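I have placed the structure first, in the form of structure tokens, so that the comments after it can refer back to it.
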Amino acid sequence: MEHFGYLVRRLFWLFATVLILVTLLFITLLTYRPGPSETTNSLLVEEKAEEWYPKDVVDALANGSMPPQVKKGFLFVSETPGQMGPQADAPNKRFTGNNLTCTNCHLQFGTQAGSGSWVGVANRFPQFGGRANALGDLKDRINGCMERSMDGKKLPKDSEEMLAIVAYMEWLGEDLPKEKENEYKGYPKIKIPEERVDLDRGKLVYDKECLVCHGADGQGIKKPDASKGYLYPPLWGADSFNNGAGMHRVITAAEFIKSNMPFGLATYKNPKLTDEEAYHVAGYINSFDRPIKANTEADYPDKKLKPVSTSYGPWVDDFPLEQHKFGPFQPIMEYYKRNYNIEKSK
């Protein structure tokens, strides 16, 4: 009997333990909410991306939190003429040929989305470039700007200037959520009008929206300290970008203008100009003379990859120079699709 009683007690405690465990499991299931590593993880990532903002460059300079090499890079891109341009003290430091600053196009010190922002740019290289028909790194891309937008010469890849500029760009992209990468990439597309640029319409837009900053002659306004470049850059003429620059292509220029101009009044999310206005004023700006880059015939070794709005030949089509420069561009795009199965958007 004593042994029997012991078995009964053991069975009772076993039953009670099982009952307690079942009850706890039931309560857990009723109150369960997915944790961050489960189904709500994507929501938390999206929320983090929504809350993310680019670095406050001005604040980082003021509070001293910008690393020394990054600060050097900032000065090279924001005070370009005096740091590595025509006004640099040492002749061997004069790499740019005009008095533009890099940040005349890459707005808000390279942080503004829709203006070829440098936020996250280091993550996109190496990448294939049709202009060289080769895989290039970020330094190659910077030197493309040096030779074209800055109308100058290449920086040595191991130079103080190059290393500092890359450090600045990498610093801007620190902690960039993957979900935000595309927002800071290049320029948003426009719907390209199916007509030739109308220079008269372009002039009307220019006089209304651009003249106040860039002047009737398109020569811009210099900063009080000219070694720091332009407050508003020249859009044509001897001190502007050369004809080999991407901004000399009407479609590329129109994308930039639509997303960013008039300066301080427009963003890619809230533009002021229509696609048509941006298109015609881009053509008007690019109808004036500017520096000529040497050896442009070597660009795009595979001529089929040349953007349709590239204003200099040779091409592998028979469309005239004027149409490559001012459009309409759709017939050229259709030609490449029909003959080479290449989709072109600019």
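Read the figures in this text as sums done on the coordinates, not as results from a lab. The structure displayed is predicted, hence computed values, not measured ones. Neighbour counts run over all protein chains shown; Cβ positions are idealised from the backbone, glycine included.
Are any residues in segment 276-303 of a type outside the set (S, T, Y) and touching a helix residue (DSSP H, G or I) at 6+ places or on another chain (Cβ under 6 Å), and if so, which ones?
Taking segment 276-303 first, the residues of a type outside the set (S, T, Y) are 276-278, 280-283, 285-286, 288-295, 297-299, 301-303.
Scanning segment 276-303 gives E277, A278, H280, V281, A282, G283, N286.
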Exercise for the section: Can you tell me which residue within segment 146-161, out of those that are among the charged types (D, E, K, R) and crowded, with 18+ Cβ neighbours inside 10 Å, is nearest to L75 (Cα to Cα)? Expected result: E161
Completion exercise
The condition of being aromatic (F, W, Y), more than 20 Å from K71 (Cβ to Cβ) and touching a residue at least 12 places away in the same chain (Cβ under 8 Å) holds, among F109, F125, F95, only for F125
Problem - Qualifying positions in segment 248-265 - crowded, with 21+ Cβ neighbours inside 10 Å and not β-branched (V, I, T) - result: H248, R249, A253, A254, E255, F256, K258, S259, N260, M261
Exercise for the section: Within segment 264-312, work out how many residues are under 22 Å from the mean Cα position of the chain (by Cα), in a helix (DSSP H, G or I) and under 20 Å from G136 (Cβ atoms). Expected result: 1
Practice task
Specify which of the listed residues (Y268, Y312, Y284) is crowded, with 23+ Cβ neighbours inside 10 Å, touching a residue at least 40 places away in the same chain (Cβ under 8 Å) and not acidic (D, E).
Solution key: Y284
Handout entry: Residue under evaluation D175, criteria (1) over 21 Å from V58 (Cα atoms); (2) part of a loop (DSSP other than H, G, I, E, B), criterion not met
Key = (1)
Exercise for the section: Return a yes/no flag: does segment 151-161 have any residue that is touching a helix residue (DSSP H, G or I) at 6+ places or on another chain (Cβ under 9 Å), touching a residue at least 40 places away in the same chain (Cβ under 8 Å) and within 21 Å of P307 (Cβ to Cβ). Expected result: no
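Are any of the residues in segment 152-172 part of a loop (DSSP other than H, G, I, E, B), farther than 14 Å from S117 by Cα and within 18 Å of the chain's Cα centre (by Cα)?
First pass over segment 152-172, keeping only residues part of a loop (DSSP other than H, G, I, E, B): 152-159.
Pick out the ones that are also farther than 14 Å from S117 by Cα and you get 152-159.
Checking which are within 18 Å of the chain's Cα centre (by Cα) leaves us with none.
So far as segment 152-172 goes, no, none of its residues is part of a loop (DSSP other than H, G, I, E, B), farther than 14 Å from S117 by Cα and within 18 Å of the chain's Cα centre (by Cα).
Quick check on my filter: what residues within segment 195-226 are among the small types (G, A, S) and in contact (Cβ under 8 Å) with a residue 24 or more places away in the chain?
Of the residues in segment 195-226, the ones among the small types (G, A, S) are 202, 215-216, 218, 220, 226.
Once the filter is applied, which keeps residues that are among the small types (G, A, S) and in contact (Cβ under 8 Å) with a residue 24 or more places away in the chain, segment 195-226 yields G202, G218, A226.
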Practice task
Among the numbered conditions (1) touching a residue at least 40 places away in the same chain (Cβ under 8 Å); (2) within 26 Å of T101 (Cβ to Cβ), tell me where G136 comes up short.
Solution key: (1)
Handout entry: Residue count for segment 178-205, restricted to those that are part of a loop (DSSP other than H, G, I, E, B), among the basic types (K, R) and crowded, with 18+ Cβ neighbours inside 10 Å
Key = 0
Handout entry: Scan of segment 162-194 for residues that are closer than 27 Å to L75 by Cβ and free of Cβ contacts under 8 Å to residues at least 24 places away in the same chain, ordered by number
Key = M162
Problem - Selection from segment 247-269 of residues that are out of contact with any His (no Cβ under 9 Å at 6 or more places or on another chain) and within 19 Å of L211 (Cβ to Cβ) - result: M247, A253, F256, I257, K258, N260, M261, P262, F263, G264, L265, A266
Completion exercise
Residue hits (segment 315-346; assigned to a loop (DSSP other than H, G, I, E, B) and under 22 Å from V197 (Cβ atoms)) are W315, D317, D318, F319, P320, G327, P328, F329, K344, S345, K346
